[in-house]
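A quick write-up on the structure given underneath.
Please treat every number below as a calculation from the coordinates, not as lab data. Computed from a predicted structure; not experimentally measured. We place every Cβ from the backbone using ideal geometry, glycine too, and count neighbours over all the protein chains shown.
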Amino acid sequence: MKNKIHILLVIWHPIGGIRTFLRYVYGQFSSEQYQLTLLLPETSELDATKEDLAKTDARFEALASQPSALAFTTRIYQVLKEQQIDIVHSQGFTSGILAAIPAKIQRIPHVLTSHDVLRHDQFHGLAGQIKKFIISRMLTLPDMIHSVSNDAQGNLLEFFPRLKKNMHKQCVIHNGIDPTRFLIEERADLKGKIGLPQETFLIGFFGRFMPQKGFDILIDAVEILAAKDGSPDFSVVAFGWGGFIREEQEKIEQRGLSRYFTFLPFEANVAKALRGVDVVAMPSRWEACPLLPMEALVAGVPVIGTDCLGLGEVLQGTPGTIIPVDNAEALAHALAGEMRSPTLSKITAYRHTAAERFDVQRQVEGVKQLINRFSQ
């Protein structure tokens, strides 16, 4: 009987979309066929990641909470030298760059999954150009670079066009979700919890409070709506903490908009929370391949999102509303339109189509084929 395929998962940032990828994809890797070793820093989410992979044959090599790049690379090399690893699967650009040389020295196949997009502000000045030059060379070392959307791959090739010379080392396997978690009818009574009348139009914001997610644009849109006579009663509920939440809350208070916003802790049952709002607002500035719009559409909730990288690709061909990036007027107009002429019936009719389109099983099988191909 053939031995299990032993995969070393190199994870510099084991949070957010990467942790979700591990849960959705690697959580379905059979313990009879695959052995997983996860090399990652100690974080507050480590126990949750262990729980996500509880049904797999997973072992954890945890480093200090903030290891140096040298310490992390050294540990990658030690694991590759000491254990019989069949393939390295690095998660994110930093992980891939740190794993590239150890994998090449040990002659072990290396797949890099890109979970983010690149921006011009990351490569400003001479130091930025030197960094870009080094990264461009390091990205030629993996045997395959897997992007989670066509937009993400296009973004990668725009910044590092030399990679186009070896397109056989590039592939796209789109992100997906478990649709069964969102094909539910139950909904959280968020309006009751907040103390709002049931007729209040409730806007949901489920993103992190970081510039990427555009919460500041939502604040601007709310200010525009609040100034208009005859606007229906509406409110915004935002989930989670951290990031620049204090700065955003101060901005809301300074503008006299506090009565329109409620902040709630992260909601474990996101499906019920999604179904508890009337629309999901996603004024993102960039994404790789976001899961939230997939989850909302399967849950049967209208989505208003931007045409930014990644998000526009997900919303294309759906009943979701697409608006320009960094355009508060467009967001306010779209929200006002949803209040007056809801798209709920179209979204509801699209639920099962969305469930089929965004089913994570396609991603699971695609990643398995990738792993099996390079592990032979």
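The slack between residue 69 and residue 307, meaning 0.36 nm per residue of separation minus the straight C-alpha distance, is 82.2 nm. Across region 131-136, coupling constants 3J(HN,Hα) worked out from phi with the 6.51/-1.76/1.60 Karplus curve, θ = phi - 60°, read 4, 5, 4, 5, 4, 4 Hz, and Gly and Pro carry x. Projecting label points 7 angstrom from Cα along Cα→Cβ for residue 83 and residue 31 puts them 1.6 nm apart. Exposure proxy ranking for 144, 294, based on other Cβ atoms within 10 angstrom of each Cβ and starting from the fewest, stands as 144, 294. Applying D = kT/(6 pi eta Rh) to region 87-142, where Rh is the Kirkwood radius over alpha-carbon pairs, T corresponds to 20 °C and eta to 1.002 mPa s, the Stokes-Einstein value obtained is 181 µm²/s. Net length available on complete extension from residue 106 to residue 133 is 7.3 nm, with 0.36 nm assigned per residue and the Cα-Cα distance removed. Of 131, 191, 55, the residue with the greatest mean-square motion in the GNM of the chain, using alpha carbon springs below 10 Å, is 131.
Segment residue 376..residue 269, full-extension length gain: 34.5 nm, with 0.36 nm per residue of separation and the alpha-carbon distance subtracted. Enumerate the amide H contacts of residue 63 below 5 Å, restricted to partners 5 or more residues apart or on another chain; note that Pro and chain-start residues carry no placed amide H. Distant-sequence amide H within range of residue 63: 40, 42. GNM on the chain, alpha-carbon springs under 10 angstrom: the most fluctuating residue among 124, 89, 13 is 124.
Across region 179-357, Cα-Cα pairs more than 23 Å apart make up 35 percent of the total. Pairs over the 24 Å Cα-Cα cut-off, from the set 50/191; 193/346; 193/228; 81/165; 4/368: 50/191; 193/346; 193/228; 81/165. Calculated mean residue ellipticity at 222 nm for the chain: -12500 deg cm²/dmol, from DSSP H runs with n ≥ 4 weighted as -39500 (n - 2.57), summed, divided by the residue count and rounded to 500. Between residue 170 and 145, the built amide H atoms are under 5 Å apart, and every one of these is 5 or more places off in sequence or on another chain. Distance between the pseudo-spin-label points of residue 62 and residue 185 (7 Å out from Cα toward the beta carbon): 4.2 nm. The tail of the calculated P(r) for the chain beyond 36 Å holds 27 percent of all Cα-Cα pairs.
Each of 210, 138 was scored by other Cβ atoms within 10 Å of its Cβ. Listed from fewest to most, they are 210, 138.
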